[in-house]
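Here is the structure we will look at, set down as structure tokens.
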Amino acid sequence: MDTESPIKEVIEEIKEFGGAAVQYCYQCGKCDTVCPWNKVINFSIRRLIREAAFGIPEIELEEVWRCTTCGKCPRECPRDVKQIDDVVAMRRIAAEYGVSSTLLKPVRSASASLNAEGNPFVQDRSKRADWAEGYNVKGFDEEMEILYFPCCYVSYDQRLMAIARSTAEIMNKAGVEFGILGTKENCCGESIRKTGNEDVFKTLARENIKTFIDHGVKRILVSSPHCLHTFKNEYPEFKANFEVIHISEYLNELIGEGRLEIKGEYSKKVAYHDPCYLGRHNGIYDPPREILKAIPGLEFIELYESREDSLCCGMGGGRIWIDTKMSERFSNLRLEQAIELGAEVLATACPYCIDAFEESRSGLNYEESIVVKDITEIINELT
Ligand code: SF4
Ligand code: SF4
């Protein structure tokens, strides 16, 4: 009797937090065959789902925090088990009970910083628009064509600021009337939600939605596929619908309308990596390819695992804050795949992926072998 009730309680909580589908799993194991973790360690999402179905997930172990929410296994599941929702439900239980471990220390710090400053880096909110100084970027007003929402990583990280600056320069060259909300922006909340901190996500989302409405925002341009996913697919849960466009789609639009002209040549072999939240989660595969293939001199390389089968960089699902051993990084494998195919540039369209690939590049001493670029950086060089 003593052992049954807590298990039942856990099963009820998993259901309550959105993980009801664990009960449909019939343990076929198809999920494990596609999970990128099994390229670097032994990890079984199937086992985790079984434990959850029996009400005994070990929420204090790293296994619950491994899933990068890459979106590969839900596509394979014959029973529509929704592994990402199940894992997030387990993390929400952990957050509810205040499970603490050294592993989760950076997540707690990110969560506190998001509450206090609207970004996960313990950086001052007042510095959020510093990247834009000297780049002719105005504050948004409702007469403008589009709001540019750069993302926390692009706003604060020295390497990733190049993405925001390239975007601003491109927009100015194309004559787009755009603005930013700067210190009035909050993190979109995508990653913290995946760690189970639902309350923090809701606070960030509500504040952003109110700011967008108060400023008359209708169309939002984003650099990060994670912002795209959240604004497009998750903010409607709050009855807020904005038109959201990723920079890869917008660049294609500007080039197609003749507002942006590619002038130079780029005589390099370029491999393109599909970010999980741009590709698998939002079906955007062609615009970045069309942009790269339209560049004179560029030799496009298709990677082995591409489009729907793309290999995750390892940073999604809140893993951006959790330390991953060098030997367990998927981004190492991706960089090596690109080098093996002779790529001189690994291009992508997500700040998380760029961050992961840059770390692998320096960690594995590949600085001389390959460079990592966001597509905006390449286009900015050529327009
Ligand atoms: S693919 Fe679906 S049904 Fe098969 S083991 Fe994984 S979760 Fe269970
Ligand atoms: S979503 Fe991706 S990382 Fe998560 S368990 Fe499925 S395949 Fe593995």
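Details
- Region 28-70, subset closer than 16 Å to Gly316 by Cα and either among the basic types (Lys, Arg) or more than 12 Å from ligand 2 (Cβ to nearest atom) (or both), residue farthest from the chain's Cα centre (by Cα): Glu62
- Looking at region 137-232, the helices (runs of 4 or more DSSP H) lying wholly inside it that each contain 2 or more residues that are polar (S, T, N, Q) sit at 161-174, 198-214.
- From the options Glu377, Glu359, Glu305, residue that is surrounded by fewer than 22 Cβ atoms within 10 Å (Cβ to Cβ), in contact (Cβ under 8 Å) with a residue 12 or more places away in the chain, within 16 Å of ligand 2 (Cβ to nearest atom) and outside the structural domain of Asp157 (by TED's automatic domain parsing): Glu305
- Helices (runs of 4 or more DSSP H) completely within region 15-105 that count 3 or more residues being more than 8 Å from ligand 1 (Cβ to nearest atom) and touching a Gly at 6+ places or on another chain (Cβ under 7 Å): 83-96
The values are calculated or read from the model by the stated rules, or taken from the named source; none is laboratory data. Nothing here was measured: the structure is a model prediction, and the numbers come from that model. Because the Cβ atoms are built from the backbone with ideal geometry, glycine has one as well, and the counts that use them run over all protein chains shown.
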